[in-house]
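The values are calculated or read from the model by the stated rules, or taken from the named source; none is laboratory data. Remember, it's a predicted structure, so these values are computed and weren't measured experimentally. Neighbour counts run over all protein chains shown; Cβ positions are idealised from the backbone, glycine included. Remember, those area values only see protein heavy atoms, side chains included, never the ligands or the DNA or RNA. Shrake-Rupley method; radii C 1.70, N 1.55, O 1.52, S 1.80 Å.
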Amino acid sequence: MRTHSKQRLFVYWLIVLALLSSQAIARSAQAEDGYDLWLRYRPVEAAWLHRYQNVASELVGGADGSTLLAARSELARALSGLLGAAPRSGPRPTRDGAIVFGTPTSSTVIAALHLDLHAAGREGYLVRSVTIDRHRATVIAANEDIGVLYGVYRFLRLLQTREPVEHLDVMSAPQLQYRVLDHWDNLDGTVERGYAGASIWDWQTLPDYLAPRYTDYARACASLGINGAVLTNVNASALSLTPRYLNKAAALANVFRAYGLHIYLSARFSAPIEIGGLKTADPLDPAVRAWWRAKADEIYHIIPDFGGFLVKANSEGQPGPQDYGRSHADGANMLAEALAPHGGIVMWRAFVYSQEQPADRATQAYTEFAPLDGKFHDHVFIQLKNGPIDFQPREPFHPLFGAMPHTPLILEVQITKEYLGFATHLAYLGPMWEETLDADTYTRGPGTTVRKIISGMAGVANIGADRNWCGSVFDQANWYAFGRLAWDPDLKSDAIAEQWVRMTFSNDPAFVHPVVAMMMGSREAVVDYMTPLGLHHQMARDSHYGPGPWVSGGPRADWTSVYYNRADAQGIGFDRTASGSNAVAQYAPSVAARFSSLGSTPENLLLWFHHLPWDYRLPSGVTLWDELVRHYSRGVDTVAAMRKTWAGLASYVDAERYTQVAAFLAIQQQEAQWWRDASIAYFQSLSHLPLPKGYAPPPYSLQYYESLCFPYAPGNPGVHSPTCGQ
Ligand code: GCV
């Protein structure tokens, strides 16, 4: 009897163990590591299942060509994930609910519908509910295969965000021709200002091994309409233009082609010397021009749909035409002439500022480039950062946006968060980019907004080899928002955030609303705790990790924080009015007048344009000093509130992603506090003013904050200075 009960107990425990481990397996199967991005395709709720099954019962579409195959495979993958089973395929609709996709050329069914696809252009699409052979169907049609693929992603997004799809009539075409990710990836696998691990391009195993991740990258880009990728860092290596690396790049281009993604390379201006054996890279030298022409021919032979070059020249130590007394136009035009016969373009960056120039750094790009307007080859695009300094948490729009009416311009934004807390701070950048796109240059009268001026958008990618691609789940939202805005710069950042949240996490309104609200306030929180009221470039030297408002000395003044804050015992801020650097004069007269006058300068740009005494009274009656302290503290409070919001949402998110976000928010709160305390400690050492009532003093001395040193902060390959605090 006793043996019997022991056996029973043993069996009982075996069952318990088996149950526990099967639950553990089930749980880990549900855990998500973020790899799927917004293309998760998890089963829809029962309430939607029947509804969606009725519009997705059959796939009718050609499989000619890799792009249509990609469209078919995405539909099959998504519908089996969302609805539990892949629809059957057929040549014509045989029942209600077919999805008919293709072009009038690839599909006789579509041709017979005689759709007006004029407005779709080359890349756009039409998604429309129609009747074919007396069956209800959804047609996803375009003039070109790539438009069909984009339309497929649009249709899937409707399902993923639980929109009704029974009566569709959606026509969409990109407003901007160039929608490009700029990777700052080096050939040694490091990424400049990258916070998501090593480069996703494994140059060592290319071209022989094509990681599945390359296809998934292209899928993610195509789902947003991104149509270009610059593979290499603008601080370029000439080696990327040698046959060995061109073959590796070609292998990536072969993967990307089906997804409409063209590759571009950064071009080092001195390449003719470094890999061409020439003695000069002078753009007016016939041998140099011939070298670039031959190089372009060679590239197009290997990569027939190569997009072109991105060039950083005569900027931060990079070689360029000015090394030979030539202009940016001379350099850019030489490259354009080499690429133009093949249809390629040059994206020439205007991020230039010179060591020798004593002028305000914010003015230098305009000074150099505005006079060159109209002098560029028509395959040259000038690429401008959103603001005149360098991707700060807040900058006014770049004055060149209004100053080059005869030159096509590309807006460059930074998706990777070099100046907004790296990967651990939750900062949704949609509102920041919307602010730039909305900015009115007034150059052709009111309403000449940046979005109306640009021909393309380039985003410095935040993508790396990390399993979750971007270093954190919420950083994926910035890749997403960039792509959506590049397709349609009129979109609103809150609507984009909502879509992303629904696709990435959950459609439950109890989750969606608080998370969107948290995202929408997150960038302003960073501005508050890092650089309130128009302050800028207050980060630690080189790494830009953490506060460094005291940074001074070193190789050049405009790489220091004191150059920008100009704080002393009397006051703070950079006078860019006529009494100072007069940077305001680079804007259209009405904008210049607005920024010149204290009364009309937006409060959030006050210290960008004005130097003011600490006791200056804002319209609210509060002094500048008190207001600064309030902003720093408000930033920390906002992050604390974000943490609280997230803590209440655990039940909506898988444990793996929930935990990482929670841990990163905790890091963000600590670092926001550090920013606030260090900044207040430094500025108080100059203002000698007491903190307003109720605001806690920094817990440590200024010397303590100044002594903090992080020689291995990420994103700054090659600069691991042990003297980083100096
Ligand atoms: C690629 C800033 C960054 C540099 C970057 C540069 C640029 O200065 O700190 O890392 O270099 O911008 O945009 O060229």
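If you go through segment 364-379 one residue at a time, do you hit one that is within 29 Å of P532 (Cβ to Cβ), within 16 Å of the ligand (Cβ to nearest atom) and buried (at least 24 other Cβ atoms within 10 Å of the Cβ)?
Yes: segment 364-379 contains one or more residues that are within 29 Å of P532 (Cβ to Cβ), within 16 Å of the ligand (Cβ to nearest atom) and buried (at least 24 other Cβ atoms within 10 Å of the Cβ).
Please pick out the residue among L411, L420, L426 that is within 14 Å of the ligand (Cβ to nearest atom), assigned to a loop (DSSP other than H, G, I, E, B) and crowded, with 20+ Cβ neighbours inside 10 Å.
Unique residue meeting the criteria: L420.
For segment 278-314, how many residues are touching a Leu at 6+ places or on another chain (Cβ under 9 Å) and within 16 Å of the ligand (Cβ to nearest atom)?
So the count comes out to 3.
Please count how many residues of segment 136-182 are out of contact with any Lys or Arg (no Cβ under 6 Å at 6 or more places or on another chain), in a strand (DSSP E or B) and under 29 Å from W48 (Cβ atoms).
8
Is there any pair with a first residue in segment 146-158 that is free of Cβ contacts under 8 Å to residues at least 60 places away in the same chain and a second that is of a type outside the set (K, R) and part of a helix (DSSP H, G or I) whose Cβ atoms are under 6 Å apart and which are 6 or more apart or on different chains, and what are they?
If the second residue must be of a type outside the set (K, R) and part of a helix (DSSP H, G or I), the pairs left are G147/A120.
Among the candidates V152, V180, which residue alone is in contact with a strand residue (DSSP E or B) (Cβ under 8 Å, 6 or more places away or on another chain), open to solvent by less than 10 Å² (accessible area, probe 1.4 Å), within 16 Å of the ligand (Cβ to nearest atom) and of a type outside the set (S, T, Y)? Before the answer, list the steps.
Values: V152 fails: within 16 Å of the ligand (Cβ to nearest atom).
The match here is V180.
Got a sec? Which of G343, G387, G317 is among the small types (G, A, S), within 16 Å of the ligand (Cβ to nearest atom) and surrounded by fewer than 17 Cβ atoms within 10 Å (Cβ to Cβ)?
The match here is G317.
Between residues in segment 292-310 that are at positive phi and residues that are modelled with pLDDT of 95 or more, which pairs lie under 8 Å by C-beta distance while being six or more apart or on different chains?
Partner pairs satisfying both residue conditions: G308/Y264; G308/L339; G308/G344; G308/I345; G308/V346; G308/M347; G308/H379.
Given (1) open to solvent by 30 Å² or more (accessible area, probe 1.4 Å); (2) within 16 Å of the ligand (Cβ to nearest atom), where does S651 come up short, assuming only one miss?
Unmet condition: (2).
Report yes if F397 is more than 13 Å from the ligand (Cβ to nearest atom), open to solvent by less than 30 Å² (accessible area, probe 1.4 Å) and assigned to a loop (DSSP other than H, G, I, E, B), otherwise no.
On the way: more than 13 Å from the ligand (Cβ to nearest atom): yes; open to solvent by less than 30 Å² (accessible area, probe 1.4 Å): yes; assigned to a loop (DSSP other than H, G, I, E, B): yes.
Considered against the rule, which asks whether it is more than 13 Å from the ligand (Cβ to nearest atom), open to solvent by less than 30 Å² (accessible area, probe 1.4 Å) and assigned to a loop (DSSP other than H, G, I, E, B), F397 comes out as yes.
What are the residues in segment 619-637 that are under 18 Å from L686 (Cα atoms) and open to solvent by less than 10 Å² (accessible area, probe 1.4 Å), if any?
L624, W625, L628, V629, Y632
Would you tally the residues in segment 528-564 being closer than 27 Å to F595 by Cβ and among the charged types (D, E, K, R)? Don't jump to the end; show me each part of the working.
As a first pass, look at segment 528-564 and keep what is closer than 27 Å to F595 by Cβ: 528-539, 544, 547-549, 551-552, 556-564.
Now drop any that are not among the charged types (D, E, K, R), which leaves 528, 556, 558.
Residues that pass the stated criteria total 3.
Being farther than 22 Å from I667 by Cβ and not in a loop (DSSP other than H, G, I, E, B), is that true of even one residue in segment 521-531?
no
Residue-by-condition table, conditions (1) more than 21 Å from S685 (Cβ to Cβ); (2) within 16 Å of the ligand (Cβ to nearest atom); (3) in contact (Cβ under 8 Å) with a residue 24 or more places away in the chain:
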{"site": "L533", "(1), (2), (3)": "no, no, yes"}
{"site": "H536", "(1), (2), (3)": "no, yes, yes"}
{"site": "S543", "(1), (2), (3)": "yes, yes, yes"}
{"site": "F574", "(1), (2), (3)": "no, no, yes"}
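Yes or no: A465 more than 30 Å from A211 (Cβ to Cβ) and not hydroxyl-bearing (S, T, Y)?
no
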